[in-house]
Amino acid sequence: MTESRSAFHQQLEDLRHDLVRAAGRVSEQISLGTRALLDRDLAAVDAIIETDDEVDALTLDVEERCFLLLARHQPMAGDMRALVTAIRLSAEIERCGDLVVNVGKAVRRLHPQPVPDALRGLVEELSHEAVRLFRLSIDAYADGDAALAAALDDMDDRLDRIHKDYIRALIEQGRDGADVQQAVQLALVGRYYERIGDHAVNIGDRVRYMVTGWLPEHTSAARHRARLSGRAGVATDEGGAQA
């Protein structure tokens, strides 16, 4: 391997390390955001927003370095997929951080109202499952584990079920005369956790692409081509009948 090639692969590894580091910060933030919500801790919200600024800076730096490597080395095959994946993951990780900030902003809007007792356990379940999925998606990336990455979509079903239970419990609170503004904020909070799970699944899809070259869009594109081909066949048959 040439010195230039060796340096390129070291830079790829540095990018991977920095993305895992940024994801680790976001994973910690999810749990901290949950505690801030349940404890009505406004000081913790300020710390969450400050940390998110650091995550934004790190993911932006990763993205810029990816574009530089693409321009300078014009990589092919696996190296190209690794860089494209890093660019996409930097966005997914950054968005998860933003969702945690949104939880923090909800804490401010809800203050000084507590999360109702009937919802506290479900909030903790949502948080735990969102953290688990997010960490597993990053483990899949760090290890290049396509099998784990593919399993994330099915794993996300549990988070979706918890979210449905949470919404049902929230509706029950509304029937008992809960504050409308409080209900709106709590509904949004549930959605933020659910979206973190969706981003974890997206990360898994990008890891599968990095390792195997497969994307969900490939299946969709194949279905689309098949539909177009079928329509073309029908049009030809109809044209022949008319002739």
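Descending by average beta-carbon neighbour count within 10 Å, the peptides 14-24, 198-208 line up as 198-208, 14-24, the highest first. Remark: the Arg135-Gln74 segment gains 18.9 nm on full extension, using 0.36 nm per residue and subtracting the alpha carbon distance. Rounded to the nearest 10 degrees, what's the angle between the helix 146-175 long axis and the longest principal axis of the chain, both from Cα atoms, 0 to 90? Long axis of 146-175 versus the principal axis of the chain: about 30 degrees. For the chain, the longest principal axis of the C-alpha atoms and the axis of helix 216-242 are separated by about 60°.
Note on Ser31 and Glu50: the model spin-label points, each 7 Å out from Cα along the C-beta direction, lie 2.0 nm apart. How far, in degrees from 0 to 90, does helix 180-212 lean away from the longest principal axis of the Cα atoms of the chain, to the nearest 10? For 180-212 against the chain, the angle is about 30 degrees. Solvent-free Debye calculation, one equal scatterer per alpha-carbon of segment 3-216: log10 I(q)/I(0) at 0.09, 0.13, 0.17 Å⁻¹ equals -0.39, -0.73, -1.08.
Straightening the chain between Ser4 and His128 buys 40.3 nm, computed as 0.36 nm per residue apart minus the Cα-Cα spacing.
Where a number appears in this text, it was derived from the coordinates with a stated rule and is not lab data. Since the structure is predicted, the reported quantities are computational estimates derived from the model, not experimental observations. Cβ atoms come from the backbone with ideal geometry, glycine included; neighbour counts cover every protein chain shown.
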